[in-house]
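Throughout, read-outs are computed from the coordinates displayed, never taken from laboratory work. Everything quoted here is computed from the prediction, not taken from an experiment. Cβ placement follows ideal geometry from the backbone for every residue including glycine, while neighbour counts extend to all protein chains displayed.
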Amino acid sequence: MLDSWSGGMLRLARSFVSTPDSAAEVVQDAWLAVLSNIDRFEGRAALKTWVYRILVNTAKRRAVQESRTVPRSSLTPEPSGPTVDPDRFQSADEPYPGHWRQMPLPWPSPEQRALDEELRSHLERALAALPDRQRIVITLRDVEGYPADEVCSMLDISAANQRVLLHRARGYVRAELEAYFASPGEPGEGAG
Amino acid sequence: MNQLDCDQLVELVTEFLEGALDARTERQVVDHLALCDGCGTYLDQMRQTARSLGELPPDRLPESARAALLDAFRARPGAEPRGGVT
């Protein structure tokens, strides 16, 4: 359990704190808190959800100590602009307003592109560039694979809010991938 | 009946994938996708984005932290081996 869960916990902790070292400490502290509180586990949530809630609380406290901005729902309204660059669509004086000016180009199929080191680091950078709450939600949903209802329960957010955050985050990462696949250096098979 | 434009559809893609749209809007999305290759590609790319993220390798806890935790697990007061859970 320690080994199979800690990887995902580390990734989530890194969304809250500044360094890999302090993320590791957060995970360690969270496990210790789990140990000392395990008798209070009521079995209403899945054990893993309960552990993750403890992790999120531990990470938030740590983030306050680091006096880094804590992701908090009331703090800033989510940006509400479009997730796709409006320039991609025709304007009112063009033949088909609101339709693609130039359609997105299909990407290489997953068989053609293994998740190589370059693509992987591109994805990591895209994740790191996201606003905190978006990064936390997309990390739990898409990287860790949690179902929507568990993510809502871990982070104490509404289903609609969870979807908005996920949508904005995926839209951003998609655009980054699109730029990556469109760049001339891709797909890289070394420096040839 | 209203029709969706592409710039509206792209903002509905996640709700569509999550099955969170009302029946009427969902039908509009499906009707649009039936006729628009660009939006079909966009939908597919949002799916591929989610899948690629799922392929990222897990992080690993540093060995020192792992060792300290295993000690703490073993030292837990009143800990009894239960069904071989480790």
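Angle of helix A:117-129 to the longest C-alpha principal axis of chain A, folded into 0 to 90 degrees and rounded to 10: 70°. Quantify how much of the Cα-Cα distance distribution of the protein assembly as shown extends past 23 Å, in percent. Counting pairs separated by more than 23 Å, the tail of P(r) holds 60 percent.
By the beta carbon rule, with partners counted only under 4.7 Å, the protein assembly as shown holds these lone Cys residues: A:Cys152, B:Cys6.
As I understand it, the value is the acute angle between the Cα axis of helix B:23-35 and the longest principal axis of the Cα atoms of chain B; what does it come to in degrees, rounded to 10? That helix lies at roughly 70 degrees to the long axis. Among the residues of B:6-18, the average count of other protein chain beta-carbon atoms within 10 Å of the residue beta-carbon is 6. Charging the Cβ of each Asp and Glu at -1 and of each Lys and Arg at +1, and nothing else, the dipole of the protein assembly as shown about its Cα centre rounds to 1200 debye.
Please identify the trypsin sites (Lys or Arg not before Pro) of the stretch A:1-59 that satisfy two criteria: DSSP loop assignment and at most 13 other Cβ atoms within 10 Å. Which are they?
A:Arg44
Compute the angle between helix A:47-65 and the longest alpha-carbon principal axis of chain A, please, reported from 0 to 90 degrees and rounded to the nearest 10. Once rounded, one gets 90 degrees. When both the stretch B:7-74 and the stretch A:18-35 are represented by their alpha-carbon centers, they are found 27 Å apart.
Our estimate of slack between B:Thr25 and B:Phe73, defined as 0.36 nm per intervening residue step minus the Cα-Cα distance, is 12.1 nm. Averaged over peptide A:22-32, the number of partner chain Cβ atoms lying within 10 Å of each residue's Cβ comes to 4.
Charge dipole of the stretch B:1-56 (Cα centre as origin; +1 on each Lys and Arg Cβ, -1 on each Asp and Glu Cβ, all else neutral): 140 debye, rounded to the nearest 20.
Based on the Cβ-Cβ distance of A:Leu35 and B:Arg47, what FRET efficiency does E = 1/(1 + (r/R0)^6) give at R0 = 35 Å, to the nearest 0.05?
0.35
Its Cα centre serving as origin, the stretch A:2-65 has a Cβ charge dipole (Lys and Arg +1, Asp and Glu -1) of approximately 280 debye.
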